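K.L.:
Quick one: this structure, given as structure tokens, is what I'll be asking you about.
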Amino acid sequence: MASERSFEDKTLLVTGGAGFIGSNFIHYWLKRYSRCRVINLDKLTYAGNLDNLKEVDKDPRYEFIQGDIRDKKLVKKIFRKVQGVVHFAAETHVDRSILDAGEFVLTDVFGTFVLLDALKDSKVEFFIHLSTDEVYGSRDKGHFSEEDPLCPSSPYSASKAGADRLAYAYHKTYSLPIIILRPSNNFGPYQYPEKFIPLFVTNALEGKPLPLYGRGTNVRDWLYVEDHCRAIDLVIRAGKLGEIYNVGANAEIENNVVAEKIVDFLGKPKSLIKRVPDRLGHDKRYALDCRKVRALGWKPEWDFEEALASTVQWYQENQIWWKKIKEKSRDFRSFYEEYYRRR
Ligand code: NAD
Ligand code: TYD
């Protein structure tokens, strides 16, 4: 294994820390490193939620700054105070990107550019860029390795691919200390209930239909968010600067199987699962070759069934958390359904 960077007594900037993976990562990091400090820069878009961080908001090691990653002055100022950056902030929902791609380009591409440019004039020791497996596009067989060409097919994944290549270019051109991660679909606590698993779990709890796109045969590789956080931690300590790491759990499952498991766990009837018109340009399958991150010493600790059961239980026990969000996101869901009805 490569020699490890020690980072536990330094200050980390987490962008998008009020979102799903970012908030899980902040919890993970503060628990694991007692002498660390974390600054969370988040704009609090519809997806950002300070309820995700209630347990840590009084922690003297934690500071929240409400702000935009596109704010050059603010970003430069924060970069003077931190030694490392983990960049999660993005627009992330494929369905929203199909309806309106503008914010995806502006946040995911331009926002990442602002951060990378600030990195040029800073003493920051490493910058972890969160890309996604979706930048490769879809494939029916085999697995994508880090050397494969990118062929993104949604406005979301195309924006993420732009950011991914910019991060690479800033490493190559300016020798900046950047590492790119391409994780697969995450699930777990605090995921905004517009994404597949939390939407299906919460709809089932409410006795509402579970809208399965197309034939439900699309395949995703499901990664439990805690396993993902451990991978980020390891890459911070031992990842090679300038490298790209795929992170997947090798848990490839068709959507209809996941949907059935959810209703089974909750003791609900399968008739709640309703087929609806397919997502435009719906990628069939994502699949990653993760030998590189495994060679660093990472492997998923959670089995998919156990992680799904634990996630379902979390949503059962935290109904106030998601009911508040769902109330606010009703407009998007009706807009989305209307868009597909009119096509
Ligand atoms: P999320 O949508 O739950 O959270 C995104 C966060 O970014 C929110 O808190 C939001 O307020 C913040 N944000 C958005 N625009 C901002 C801006 N301009 N300035 C500051 N903050 C802003 O996202 P997530 O699911 O936690 O994903 C985190 C990262 O991981 C993203 O970069 C995403 O592309 C990547 N990723 C996610 C998954 C997944 O399954 N969720 C898989 C692979 C990669
Ligand atoms: P999603 O959680 O949006 O993640 P991504 O599209 O980024 O992989 O969707 C996961 C899978 O679930 C994807 O194949 C689309 C499907 N899906 C549905 O069938 N119904 C839904 O309501 C949603 C949101 C997703």
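The numbers here are math on the coordinates, done by the rules we state, and not lab data. Note that the coordinates shown come from a computational prediction; the quantities given were computed from them, not determined experimentally. Cβ: placed from backbone, ideal geometry, glycine included. Neighbour counts: every protein chain shown.
K.L.:
Do any of LYS10/LYS72; LYS123/LYS240; LYS54/LYS240 go past 26 Å between their Cα atoms, and which? Write down the numbers at each step before the final one.
P.N.:
Working: LYS10/LYS72 23 Å; LYS123/LYS240 18 Å; LYS54/LYS240 34 Å.
Result: LYS54/LYS240 exceed 26 Å.
K.L.:
Now for a different question. Set the bar at 32 Å for Cα to Cα. Now go through LYS261/LYS328; LYS58/LYS326; LYS274/LYS324; LYS31/LYS274 and name every pair that lies beyond it.
P.N.:
Values: LYS261/LYS328 27 Å; LYS58/LYS326 27 Å; LYS274/LYS324 24 Å; LYS31/LYS274 41 Å.
Result: LYS31/LYS274 exceed 32 Å.
K.L.:
Moving on. What percent does the relative contact order of the range 14-161 come to when contacts are Cα pairs within less than 8 Å and at least six residues apart? Show your work: numbers first, answer last.
P.N.:
Values: 220 pairs, mean separation 33.7, N = 148.
It rounds to 23 percent for the range 14-161.
K.L.:
Now for a different question. Shape call for the range 95-140 from the C-alpha gyration tensor, a ≥ b ≥ c root eigenvalues: rounded (a/c under 1.5), prolate (a/b greater than b/c) or oblate? Please list the in-between numbers first.
P.N.:
Working: a/c = 4.26, a/b = 1.63, b/c = 2.61.
It comes out oblate by the Cα gyration axes.
K.L.:
Treating cross-link reach as a plain straight distance, find the aspartates and glutamates whose alpha-carbon is under 16 Å from the alpha-carbon of LYS76, omitting any fewer than eight places away in the same chain.
P.N.:
Excluding near neighbours in sequence, the set is ASP42, ASP68, ASP117, ASP121, GLU125.
K.L.:
State whether the range 157-254 is rounded, prolate or oblate according to the following rule on the C-alpha gyration tensor (a ≥ b ≥ c being the square roots of its eigenvalues): a/c under 1.5 gives rounded; otherwise a/b larger than b/c gives prolate, and the remaining case gives oblate.
P.N.:
Details: a/c = 2.72, a/b = 2.12, b/c = 1.28.
Prolate, since a/c reaches 1.5 and a/b exceeds b/c.
K.L.:
While we're here: Once amide H atoms are built 1.01 Å from N in the peptide plane, which residues 5 or more positions from LEU13, or in another chain, come under 5 Å H to H?
P.N.:
Answer set, sorted by chain and number: ILE39, GLN83, GLY84, VAL85, VAL86.
K.L.:
In addition: Treating the range 55-162 as a set of equal point scatterers at the Cα positions, no solvent, please give the Debye-formula log₁₀ I(q)/I(0) at q = 0.19 Å⁻¹.
P.N.:
-1.02
K.L.:
May I pose another question? Give the shape of the range 137-203 as rounded, prolate or oblate, defined through the alpha-carbon gyration tensor: a ≥ b ≥ c are the square roots of its eigenvalues, a/c under 1.5 means rounded, and otherwise the shape is prolate if a/b is larger than b/c and oblate if not.
P.N.:
Working: a/c = 2.46, a/b = 1.71, b/c = 1.44.
Cα axes put the range 137-203 in the prolate bin.
K.L.:
Only loop residues by DSSP count here, and only those with at most 13 other Cβ atoms within 10 Å; note down the trypsin sites (Lys or Arg not before Pro) in the range 197-237 that meet that.
P.N.:
Working: sites: ARG215, ARG220, ARG230, ARG237; in loops: ARG215.
Within the range 197-237, the qualifying trypsin sites (Lys or Arg not before Pro) (loop, at most 13 other Cβ atoms within 10 Å) are ARG215.
K.L.:
What is the antiparallel percent of DSSP beta bridges lying wholly in the chain, to the nearest 5? Walk me through the intermediate numbers first.
P.N.:
On the way: 3 of 37 bridges.
Approximately 10 percent, going by the DSSP bridge assignments.
K.L.:
Quick one: net charge of ILE180's neighbours, Cβ under 14 Å, K/R +1, D/E -1? Could the numbers behind the result be given before it?
P.N.:
Details: positive: LYS160, ARG165, LYS172, ARG182, LYS240, LYS292; negative: ASP108, ASP133, GLU134, GLU146, GLU147, ASP148, ASP164, GLU243.
Neighbourhood net charge equals -2.
K.L.:
Further, regarding this structure: In whole Hz, what ³J(HN,Hα) sequence does the range 122-132 give by Karplus (6.51, -1.76, 1.60; θ = phi - 60°), x for Gly and Pro?
P.N.:
Computed from phi, the couplings for the range 122-132 are 10, 9, 4, 8, 7, 9, 9, 9, 7, 9, 7 Hz.
K.L.:
For the range 90-189, what does the relative contact order come out to in percent, with C-alpha contacts under 8 Å and a separation of six or more?
P.N.:
Values: 122 pairs, mean separation 38.2, N = 100.
Once normalised by length, the contact order is 38 percent.
K.L.:
A further question follows. Mind checking which aspartates and glutamates have their C-alpha under 16 Å from LYS270, skipping anything on the same chain fewer than 8 residues away?
P.N.:
Answer for LYS270, where 16 Å is the Cα cut-off: GLU206, GLU254, GLU260, listed by chain and number.
K.L.:
Show the residues, 5+ positions off or on another chain, whose built amide H is closer than 5 Å to the amide H of ARG285.
P.N.:
Counting only residues 5 or more places away or on other chains, the set is ARG139, VAL219.
K.L.:
By DSSP, what percent of the beta bridges with both residues in the range 201-309 are antiparallel, rounded to the nearest 5?
P.N.:
Details: 3 of 8 bridges.
In the range 201-309, approximately 40 percent of DSSP beta bridges are antiparallel ones.
K.L.:
As an exercise, use a Förster radius of 35 Å and the Cβ-Cβ distance of ARG330 and ILE65 to find the FRET efficiency, rounded to the nearest 0.05. Write out the running numbers ahead of the final one.
P.N.:
Numbers: r = 30 Å, r/R0 = 0.85.
Computed FRET efficiency for ARG330 and ILE65 comes out at 0.75.
K.L.:
Moving on to the next point. Compute the acute angle (0 to 90°) between the alpha-carbon long axis of helix 319-328 and the principal axis of greatest extent of the alpha-carbon atoms of the chain; round to the nearest 10°.
P.N.:
Helix 319-328 and the main axis of the chain meet at about 90 degrees.
K.L.:
While we're looking at this one, here's another question. Can you list the HN-Hα couplings for the range 78-87, worked out from phi with the Karplus curve (6.51, -1.76, 1.60; θ = phi - 60°), rounded to whole Hz and with x for Gly and Pro?
P.N.:
Taking θ as phi minus 60°, the curve returns 5, 4, 6, 9, 10, 9, x, 10, 10, 9 Hz for the range 78-87.
K.L.:
Pick out which of GLU260, GLU243, GLU206 has the largest mean-square fluctuation in a Gaussian network model of the chain, springs linking Cα atoms closer than 10 Å.
P.N.:
GLU206
K.L.:
Tell me the relative contact order for the chain as a rounded percent, counting alpha carbon contacts under 8 Å between residues six or more apart. Intermediate values should be presented prior to the final figure.
P.N.:
Values: 649 pairs, mean separation 62.0, N = 343.
Relative contact order for the chain comes out at 18 percent.
K.L.:
Please give the calculated 222 nm ellipticity per residue for the chain, where each DSSP H segment of at least 4 residues contributes -39500 (n - 2.57) and the sum is spread over every residue; nearest 500 deg cm²/dmol?
P.N.:
Values: 12 runs with 135 residues, N = 343.
Rounded to the nearest 500, the figure is -12000 deg cm²/dmol.
K.L.:
What is the Cα convex hull volume of the chain when expressed per residue in Å³?
P.N.:
Values: hull volume 43.3 nm³, N = 343.
Normalising the Cα hull of the chain by residue number yields 126 Å³.
K.L.:
GLU338 to GLN316: FRET efficiency via 1/(1 + (r/R0)^6), r the Cβ-Cβ distance, R0 35 Å, to the nearest 0.05?
P.N.:
Numbers: r = 31 Å, r/R0 = 0.87.
The calculated FRET efficiency here is 0.70.
K.L.:
What FRET efficiency do you get for SER6 and LEU50 if R0 is 30 Å and r is their Cβ-Cβ distance, rounded to the nearest 0.05? Write out the running numbers ahead of the final one.
P.N.:
Values: r = 30 Å, r/R0 = 1.01.
Efficiency at R0 = 30 Å is approximately 0.50.
K.L.:
OK, next. Where Lys and Arg each count +1 and Asp and Glu each count -1, what net charge lies around TYR286 among other residues with Cβ under 13 Å from its Cβ? The partial results should precede the final answer.
P.N.:
Details: positive: ARG139, LYS141, LYS160, ARG182, ARG220, LYS284, ARG285; negative: ASP133, GLU134, ASP140, ASP148, ASP221, GLU252, GLU254, ASP283, ASP289.
For residues surrounding TYR286, the net value is -2.
K.L.:
Roughly what angle does helix 20-32 make with the longest principal axis of the chain, taking Cα atoms, 0 to 90 degrees, to the nearest 10?
P.N.:
50 degrees
K.L.:
For the range 329-343, what does the Karplus curve 6.51 cos²θ - 1.76 cosθ + 1.60, with θ = phi - 60°, yield as ³J(HN,Hα) per residue in whole Hz, taken in order and with x for Gly and Pro?
P.N.:
Couplings: 9, 4, 4, 4, 4, 5, 4, 4, 5, 5, 4, 6, 5, 7, 6 Hz.
K.L.:
Between 0 and 90 degrees, rounded to the nearest ten: what's the tilt of helix 196-206 against the longest Cα principal axis of the chain?
P.N.:
50 degrees
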